[in-house]
């Protein structure tokens, strides 16, 4: 069933677990995510990015998710991931998204506040919660020196001011996390996360969780992370499976026999993440 992400994340905050937010780009990934959620009896967010919309079409990909959600017996939120503009947020609201993120984190603090406040006013008018981001979550391929790494992280005092000024429902924080697979050992700043949690009472979000060690994920959840984004590990499972099938069966031309094992591989990744986040059985 399709629900608001606010319902899911407030329950996670109260229950001390995190809800997985899994990105999809096509039918096969969507199948895998929903099969995993149903097998684990877990609430989920299914995320669609602007890039996914450009690839699959606003008339198609959200409808695939919505149809899955209508038939599923677990609660599901349809979420815009890293919305790049106010216009994209408005488009997704018109297409029935039940959760949106406007990522204005690259803007100066005051401009970020103004942009998110505008999005909150529009989205709340139709009952849709808003995720914002403060701090800059770098790509894992970037070689960031310590001073730059610190500068990119979320300041706890600014986080409190930001949440109060914007009225956003969830806040994505930068604590040393990065998009994509990590180069070397990740090192999340848990003291910073605790300081943010002490000053901010809304659910906190961790982006760039693909490849993070399990113990760091568990610690982040224990310190108040309520939503965890996973994309890269799903894509990796998909491509590795397709490569394996085609290597073993070079004459294979039936897409069902190529993509079927890939769905199974992605489902296994999503099920493992759900268990790690502690949201199994919470549907």
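What follows draws every value from the coordinates through simple rules; no lab data is involved. Every value quoted in this text rests on a predicted model; they were computed, and no experiment measured them. Every residue, glycine as well, gets a Cβ built from its backbone with ideal geometry; the counts of neighbours run over all protein chains shown.
Gyration tensor over the Cα atoms of segment 30-78: the corresponding equivalent ellipsoid has semi-axes (square roots of 5 times the eigenvalues, largest first) of 20, 10, 8 Å.
Rounded to the nearest 500 deg cm²/dmol, what is the calculated helix-only ellipticity per residue at 222 nm for the chain, with -39500 (n - 2.57) per DSSP H run of length n ≥ 4? Could the numbers behind the result be given before it?
Details: 12 runs with 145 residues, N = 283.
After summing the helix terms and dividing by the residues of the chain, the value is -16000 deg cm²/dmol.
Let me check against my output: what whole-number percent is the relative contact order of segment 165-283, with C-alpha pairs under 8 Å and at least 6 apart? For segment 165-283, the relative contact order is 22 percent. Any idea what angle helix 190-199 forms with the longest principal axis of the chain, computed on alpha-carbon atoms, 0 to 90 degrees, nearest 10? So the inclination is approximately 60 degrees.
If you wrap the chain in the convex hull of its Cα atoms and look at it from every side, the mean projected area works out to 14.4 nm². Against the main long axis of the alpha-carbon atoms of the chain, helix 61-71 sits at an angle near 80°.
Could you work out the relative contact order of segment 235-279? I mean the mean sequence separation of Cα pairs under 8 Å and 6+ apart, divided by the number of residues, in percent. Reported relative contact order: 47 percent. Ordering 133, 87 by the number of other Cβ atoms within 10 Å of each residue's own Cβ, fewest first, gives 87, 133. The fewest-to-most ranking of 198, 169 by surrounding Cβ atoms within 10 Å reads 198, 169. The Cα atoms of segment 178-270 cover 58, 27, 18 Å along the three principal axes, with the biggest extent listed first.
Based on Cα contacts under 8 Å between residues 6+ apart, the chain shows a relative contact order of 24 percent. The angle between the Cα long axis of helix 5-15 and the longest principal axis of the Cα atoms of the chain comes to about 80 degrees, rounded to the nearest 10.
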